[in-house]
């Protein structure tokens with residue numbers, strides 16, 4: 001990855017975190033936190049390699065409607081380097097099979113486990129919002145830590161799936177290595 005890309009990624013992260021903290025009302029902060037997580041996802045895609053030469057990248061979303069709406073409005077139809085992004089809210093089992101990313105926002109533990117089981121062993125990048133997400137078998141957690149978002153990566157699971165995350169992201173992340181369950 002070029003120095004320019006790393007600089008863009010870091011700049012975006014700093015701006016997104018600043019925006020999230022700057023607004024005082026709770027509802028505005030919640031909206032802003034969703035926007036920050038979407039910005040992280042958008043930036044992260046540039047630093048992930050999937051097996052195969054897919055041009056369209058489908059992002060499945062499981063969770064609260066408010067976060068799904070933010071994700072859809074922000075990313076659906078956007079171009080990100082070599083990929084055109086398409087967001088599918090509450091994807092069917094058939095749609096899950098076509099997704100390169102599944103994002104879990106405010107999803108129940110049961111919904112997370114069931115959906116992860118459906119894509120297990122496939123090159124699908126899974127992201128969630130809780131610190132327990134990587135322990136539940138997810139790949140990347142975008143975890144709120146006081147006033148910023150921390151990236152937590154279940155590296156062994158990500159490697160087994162065939163997905164490669166750039167060392168530039170891994171250097172910024174907390175790496176977890178769950179037991180046999182993750």
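Give the range 90-114 a look and list any residue that's under 13 Å from residue 63 (Cβ atoms), under 15 Å from the mean Cα position of the chain (by Cα) and surrounded by 17 or more Cβ atoms within 10 Å (Cβ to Cβ), or say none.
Correct list: 102, 103, 104, 105, 107, 112.
Counting only residues that are in contact (Cβ under 8 Å) with a residue 60 or more places away in the chain, under 13 Å from residue 142 (Cβ atoms) and either in a loop (DSSP other than H, G, I, E, B) or in contact with a helix residue (DSSP H, G or I) (Cβ under 6 Å, 6 or more places away or on another chain) (or both), how many does the range 39-62 have?
Of the residues in that region, 0 qualify.
Can you name every residue in the range 73-89 that is under 21 Å from residue 161 (Cα atoms) and surrounded by 14 or more Cβ atoms within 10 Å (Cβ to Cβ)? Step through it out loud before you land on a result.
First, the residues of the range 73-89 that are under 21 Å from residue 161 (Cα atoms): 82-83, 85.
If the condition is that a residue be under 21 Å from residue 161 (Cα atoms) and surrounded by 14 or more Cβ atoms within 10 Å (Cβ to Cβ), then 83, 85 are the ones that fit.
Keeping to the range 119-177, report how many residues are under 14 Å from residue 37 (Cα atoms), assigned to a loop (DSSP other than H, G, I, E, B) and at pLDDT 90 or above.
1
Before we move on, is residue 104 on the phi < 0 side of the Ramachandran plot, touching a strand residue (DSSP E or B) at 6+ places or on another chain (Cβ under 9 Å) and not in a strand (DSSP E or B)?
Details: on the phi < 0 side of the Ramachandran plot: yes; touching a strand residue (DSSP E or B) at 6+ places or on another chain (Cβ under 9 Å): yes; not in a strand (DSSP E or B): no.
So residue 104 does not fit the description; no.
The values are calculated or read from the model by the stated rules, or taken from the named source; none is laboratory data. No experiment lies behind these values; they were computed from the predicted model shown. With ideal geometry, Cβ positions are generated from the backbone for all residues, glycine too; neighbour counts draw on all protein chains shown.
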